[in-house]
1. Which peptide among 120-129, 222-231, 9-18 comes first, and what is the full order, when sorted by highest mean count of other Cβ atoms within 10 Å?
2. Per residue and in Å³, how big is the convex hull formed by the alpha-carbon atoms of segment 143-191?
3. Could you sort 46-55, 141-150 so that the peptide with the highest average Cβ count within 10 Å comes first and the rest follow in order?
4. Once both labels are modelled 7 Å past Cα along the beta-carbon direction, what's the residue 2-residue 99 spacing in nm?
5. Evaluate 2.2 N^0.38 Å with N set to the residue count of the chain, then give the Cα radius of gyration divided by it.
6. Rounded to the nearest 5, what % of DSSP beta bridges with both residues in the chain are antiparallel?
7. Give me the number: length gained by fully extending residue 52 to residue 17, i.e. 0.36 nm times residue separation minus the C-alpha to C-alpha distance, one decimal in nm.
8. Would you calculate a helix-derived [θ] at 222 nm for the chain, using -39,500 (n - 2.57) for each DSSP H run of n ≥ 4 and dividing by the full residue count, to the nearest 500?
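We did not get these values from a lab; they are worked out from the coordinates using the rules stated. The model shown is predicted, which means the values in this text are computed figures rather than measured ones. We place every Cβ from the backbone using ideal geometry, glycine too, and count neighbours over all the protein chains shown.
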């Protein structure tokens, strides 16, 4: 039996529609319009696409979109001064600096300069620490989207064996912590894991976020597993993920496609984080 295809585009659209309703309510009851500030330094084409997509999503949901596009030669001091201003700006609830930054700017220093209560990317060490100890805060958007796809595809998480392939700070590690929070039994694999297939074949939930095209073959997938493919790679045969989709879909209960799976969820989760940031101001 062919696997159910988990439609990230549709689930993302559903979430954005839900958020739009919540924004209407916030505006009518509290007079607050959630505001997202995005800072782009330089002219990286992929970053420009991401920033434009974020702006479109803001307008669709009813957020205020504040965009700062700076030249590539902007100094670190100038960027930090702008972040400081946006931290203090009351109509900015969420703030992100688009990565990667030009080589002369220290990304870690810039991330540290963002107010953790506006850190809608979930990259600040305080945000990561809150996630690790189970305190409410902002979760990195891609792993948050992974969990949402699992839940909305009817995947039973409690007690499931979950395997995350990849240990990046932005996806692998937070995805593992989120799965643990859902009461999964979690294993993290990586490039040094011995006999990767022996581990993945025990996974009820398999999250591939390792950055290697089609690393996960069909014979590495447990019959009836749910497979979430975070990878995306441009090859001679078109876009592929970290999973051999054709082979894995013959074994899995449900699987995300590439493209159209995890990708659309990242911006939806960013929008959710921004709404949450606006809600935080109500309690102050």
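1. 222-231, 120-129, 9-18
2. Here the figure is 59 Å³ per residue.
3. 141-150, 46-55
4. 3.8
5. The reported ratio for this selection is 1.02.
6. DSSP beta bridges in the chain are roughly 10 percent antiparallel.
7. 10.7 nm
8. -13000 deg cm²/dmol
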